[in-house]
Structures are given as C-alpha cells and as structure tokens.
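Everything below concerns the one structure shown next.
The values are calculated or read from the model by the stated rules, or taken from the named source; none is laboratory data. As the structure is a computational prediction, the values presented were derived from the model and not from experiment. Neighbour counts run over all protein chains shown; Cβ positions are idealised from the backbone, glycine included.
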Amino acid sequence: MKALQTVTAVILFLLTITSCRKDVTVTPSLVNPKAGKKFVQVDYMYDNVLDDVSKYTYDNSGRISSCIEPDYSYFFEYQSATKLMVTKKSNSDNSIARTIEATLNEKGFITSIITKDKSGVVLENTSITYDGEGYLVKHSTQAYGGSYGREYVIENGKLISGKKFNNGAQTGSMVYTVDASKENKQHFTAWGYWHSHNLFGKPLKYLPIEEKEFNAAGVLTWHSKDSYERDADGDVTKIITQFVSDGTTGVTTYKY
C-alpha cells in the first residue's frame with residue numbers, strides 16, 4: 001500500500017495517492033460539502049500496467065465506510081466526533097493486519113494517526129497540521145527507523161512549495177507549478193491516506209501541473225508533470241502523470 005505525499009504524489013494517492021492509503025471522515029461540519037462528487041473507484045496504471053484499484057463505499061451520513069483494495073480492505077468506525085477507528089483486514093482470510101486510530105478536530109480533520117499491528121504494538125505515529133484556512137500544511141511520522149515528514153506552503157489555495165525532513169533535518173525541497181485557470185472541484189489535498197472529502201482538510205483551490213524535488217544540495221532529484229481530463233460537470237476523471245525523471249507514465253482514473 002502506498003502512502004500519499006503531495007498532490008502529484010497524492011495524484012498517485014490521494015494524486016494523492018494511488019491507493020486507499022497514499023507515498024487518513026466524520027462530519028460534524030463539512031469544509032466544502034458541495035465541492036466535487038465522491039469517488040467510488042480509483043484505478044492507477046503505471047506504464048500501461050494496472051498497478052492499483054481502490055473501491056469506496058459510504059454510510060448514510062456520506063462518510064467513507066470502507067475502502068477495498070486487491071489484497072486488503074479498510075473498514076471505518078466513527079466512534080465519536082473526535083475518534084475514528086480504521087481496521088485493515090486481509091481479503092484472503094479476513095484476518096486483522098493493522099488498526100489505525102485517528103483523532104479528529106472540530107472540523108472533522110484528522111490531526112493524528114496511530115498505526116498498530118494485529119498484536120497492538122505501535123508501528124507509526126503521525127501528526128498532521130492545518131493552517132488557519134484549513135489547508136493541510138504539515139505531516140510528520142515517527143516510526144521505528146526514525147522520523148520523516150513534509151511541510152507545504154499554500155497561498156490562496158495554490159500549492160507553492162515544500163520541504164522534506166528526515167529525523168528532524170531538512171533533506172530536500174519541492175517546487176510546484178499550478179494551473180490557476182480552472183478551480184479544483186475534487187477533494188485533493190497536499191497529502192493524505194484515503195480519497196476523502198474532508199478527513200485531510202480543505203481541498204486545494206487549484207491543482208498542480210508540475211512538481212520538482214531537490215536534495216539538500218539543491219540538485220534536482222525528481223520531476224513530474226500532470227495533465228487532467230474532466231467530465232461535462234468539470235469533475236476530474238483522469239490524471240496523466242509524466243515522470244520526466246525516468247521517462248515513464250502513470251494514469252489515475254476516477255469513477256463517481
């Protein structure tokens with residue numbers, strides 16, 4: 001399962017990223033309930049080979065109730081306005097593989113994620129920060145091997161730049177080019193675990209069309225470009241990502 005990173009990576013997610021947990025919805029108050037339709041299926045192809053399929057179902061309140069992938073399924077239990085429990089089960093024998101405990105703020109945004117194995121041992125602890133407008137601007141994960149995370153600069157709904165961190169030290173940076181000619185109707189944020197309409201903050205107002213990543217020395221290490229296909233309502237149906245760095249292509253298809 002791939003964890004979402006930035007929109008271009010979330011485009012492989014959540015952008016992202018693309019799988020149910022891509023590089024974490026209670027609805028006490030939806031941030032933008034009219035924006036975009038809810039995804040029922042997200043397919044990702046890498047160089048013309050189907051790499052991932054995520055299928056979503058929703059409860060009567062419009063909240064994600066399950067996310068089904070080829071090997072594992074995720075089941076969502078909204079225990080209170082501030083607590084969400086997600087159980088990851090194997091599709092082969094229905095055994096529990098992971099439990100994911102999420103804390104929600106007053107807007108229903110996830111602010112922390114604790115991932116445990118089937119024995120209850122903590123594997124990862126992730127904290128998420130939002131700015132005053134509700135945009136996700138930082139995520140940081142502590143795991144056995146150390147810590148890692150990213151920070152984002154978002155201005156007027158545009159993803160501008162970011163920084164990468166490892167064990168507290170900055171290891172790189174990101175720069176984005178945004179298409180400001182069309183406002184985003186989908187629930188794409190800078191990062192996230194699932195394709196959710198409000199778990200990871202306010203959707204970006206505009207979507208990026210290019211991402212460049214640099215190491216600590218300023219050397220270009222990653223370059224990708226995105227183009228979008230939309231239906232008659234202006235909803236994104238496909239994102240075509242050209243990985244300039246290695247000459248390959250990824251295609252994410254959205255069904256509603």
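Details
- Selection status of residue 141, touching a Gly at 6+ places or on another chain (Cβ under 7 Å) and either modelled with pLDDT under 95 or over 25 Å from residue 205 (Cα atoms) (or both): yes
- Looking only at the stretch 79-92, and only at residues there that are small (Gly, Ala, Ser) and outside any strand (DSSP E or B), the one that is surrounded by the most Cβ atoms within 10 Å (Cβ to Cβ): 81
- Every test in (1) under 17 Å from the mean Cα position of the chain (by Cα); (2) not in a loop (DSSP other than H, G, I, E, B) is passed by residue 228 save one, and that test is (1).
- For the stretch 158-195, the set of residues classified as in a loop (DSSP other than H, G, I, E, B), crowded, with 17+ Cβ neighbours inside 10 Å and not aliphatic (A, V, I, L, M) consists of 184, 185, 186, 187, 188, 189, 191, 192, 193, 194, 195, listed by residue number.
- Residue that is modelled with the lowest pLDDT [pool: residues in the stretch 29-58 that are assigned to a loop (DSSP other than H, G, I, E, B) and under 17 Å from residue 110 (Cβ atoms)]: 29
- Residue selected from the stretch 93-117 under the condition of a type in the set (D, E, K, R) and surrounded by 14 or more Cβ atoms within 10 Å (Cβ to Cβ), by the criterion farthest from residue 63 (Cα to Cα): 116
- Condition check for residue 218: assigned to a loop (DSSP other than H, G, I, E, B), on the phi > 0 side of the Ramachandran plot and surrounded by 14 or more Cβ atoms within 10 Å (Cβ to Cβ): no
- Residue selected from the stretch 118-157 under the condition aliphatic (A, V, I, L, M) and in a strand (DSSP E or B), by the criterion surrounded by the most Cβ atoms within 10 Å (Cβ to Cβ): 128
- Scanning the stretch 154-173 for residues that are within 21 Å of residue 217 (Cβ to Cβ) and either in contact with a helix residue (DSSP H, G or I) (Cβ under 9 Å, 6 or more places away or on another chain) or β-branched (Val, Ile, Thr) (or both) turns up just one, 171.
- Residue in the stretch 163-176 that is among the charged types (D, E, K, R), within 20 Å of the chain's Cα centre (by Cα) and closer than 28 Å to residue 68 by Cα present: no
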